[in-house]
1. Looking only at the range 119-133, filter to residues that are under 14 Å from residue 101 (Cα atoms) and among the charged types (D, E, K, R); which one of those is least open to solvent (accessible area, probe 1.4 Å)?
2. Which residue is nearest to the chain's Cα centre (by Cα), if the candidates are limited to the range 105-118 and must be farther than 15 Å from residue 86 by Cβ and either of a type in the set (D, E, K, R) or open to solvent by less than 30 Å² (accessible area, probe 1.4 Å) (or both)?
3. Would you pick out the residues in the range 46-80 that are touching a Phe, Trp or Tyr at 6+ places or on another chain (Cβ under 9 Å) and of a type in the set (Gly, Ala, Ser)?
4. Sort out for me the helices (runs of 4 or more DSSP H) sitting completely within the range 30-133 that have 3 or more residues that are in contact (Cβ under 8 Å) with a residue 40 or more places away in the chain.
5. For the range 37-56, state whether one or more residues are at pLDDT 95 or above, surrounded by 15 or more Cβ atoms within 10 Å (Cβ to Cβ) and not small (Gly, Ala, Ser).
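The values are calculated or read from the model by the stated rules, or taken from the named source; none is laboratory data. These figures come from a predicted structure and were not determined experimentally. Neighbour counts run over all protein chains shown; Cβ positions are idealised from the backbone, glycine included. Just so you know, the surface numbers come from the protein's heavy atoms only, side chains and all, with ligands and any DNA or RNA stripped out. Shrake-Rupley method; radii C 1.70, N 1.55, O 1.52, S 1.80 Å.
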Amino acid sequence: MHIYLELPTFLLNFASDKQLFMMQKQEIKPYLIERLKQENAFWSYKVDAIKDVPDDILVELVMLHLDMDDIDRLFEIYSHKFIKKAWIENVVPLGDRYYVLNKFFAWYYFQMKKPGAYVKSMETRQLNKRMVA
């Protein structure tokens, strides 16, 4: 006698998430670009320019528009140093609107002991660099 059970939706979602976890590195960037398209993060881009998004801009858009699982995928294809640099140069200078998010990134992804002070100092440094240039 066989008993057939219907799997709950959350288990089906877990199975698809596990498949995404098993992605090859060369599949991650196109996947992230597609997720950003779904979130309308490329509203200001020409359709044919989307595939040529610079890596630092991809990091910025993923950090601003996607969830933690997708941000974690960035660390599979880029170095910690590159992601931190892109975050500091592109996301931190956005200011107060993203202050809480930037504090979280500083604490969670970059292990800063005083994330609020770090974010404020990096924001000031980046704005000063832009004023001098």
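1. 123
2. Going residue by residue through the range 105-118, those that are farther than 15 Å from residue 86 by Cβ are 107-108, 111-118.
Right, trim to either of a type in the set (D, E, K, R) or open to solvent by less than 30 Å² (accessible area, probe 1.4 Å) (or both) and you get 113-116.
Details: 113: 21, 114: 22, 115: 18, 116: 20 Å.
Top of the filtered list is 115.
3. Once the filter is applied, which keeps residues that are touching a Phe, Trp or Tyr at 6+ places or on another chain (Cβ under 9 Å) and of a type in the set (Gly, Ala, Ser), the range 46-80 yields only 49.
4. 68-77
5. Yes: one or more hits.
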